[in-house]
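Worksheet: one structure, shown below.
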Amino acid sequence: MGTNHPDVAQALNNLANDYQAEGNYDEAEVLHKRALAIRERALGTNHPDVAQSLYNLAFVERWQGKYDQAEGLFKRALAIEEVTLGRSNPETARTLQGLAPCTMLKISTPLRKSSTRACLRSQNKRWA
């Protein structure tokens, strides 16, 4: 197993999550970026694990107030998940929930309501 193996990316992801939990967002961001790069090289750009890395990095960016960067990352993750996991998958719903605060102030009220309803429908399917 070399430094570009998906297991290394998972270890980096886990460590980044620990840093994130401690509020060390700068270090978490660096590690999430490394994990993402490894996963993209090893698994391709449309793999669910790449979507997970995109989500994790987007979450850190959002916590740092980098809403435009976070929005782009959440959207990339969402596009992958909708194709590979489906729109009603809980992971897809989670990503949609992560995206919402980044776009909330940029979109019209009807579209915001529509997005919220879609998320709730997905969550209801999860708990049904």
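The values are calculated or read from the model by the stated rules, or taken from the named source; none is laboratory data. Everything numeric in this text was worked out from a predicted model, so none of it was measured. Glycine also receives a Cβ, built like all others from the backbone with ideal geometry; neighbour counts cover every protein chain displayed.
When residue 53 is tested against (1) of a type outside the set (Lys, Arg); (2) buried (at least 20 other Cβ atoms within 10 Å of the Cβ); (3) modelled with pLDDT under 90, just one condition goes unmet, and that condition is (3).
Among helices (runs of 4 or more DSSP H) entirely within segment 1-107, having at least 2 residues that are out of contact with any strand residue (DSSP E or B) (no Cβ under 7 Å at 6 or more places or on another chain), polar (S, T, N, Q) and more than 27 Å from residue 118 (Cβ to Cβ) singles out 6-21.
Consider segment 66-107 and keep the residues that are acidic (Asp, Glu) and modelled with pLDDT of 90 or more. The one that is surrounded by the most Cβ atoms within 10 Å (Cβ to Cβ) is 81. Within segment 1-50, the set of residues being surrounded by fewer than 17 Cβ atoms within 10 Å (Cβ to Cβ) and among the small types (Gly, Ala, Ser) comprises 2, 11, 21, 23, 37, 44. Within segment 84-98, residues that are in contact (Cβ under 8 Å) with a residue 40 or more places away in the chain sit with their Cβ atoms under 9 Å from residues that are in a loop (DSSP other than H, G, I, E, B), at 6+ positions apart or across chains, in these pairs: 91/85. The single condition among (1) modelled with pLDDT of 90 or more; (2) part of a helix (DSSP H, G or I) that residue 110 does not meet is (1).
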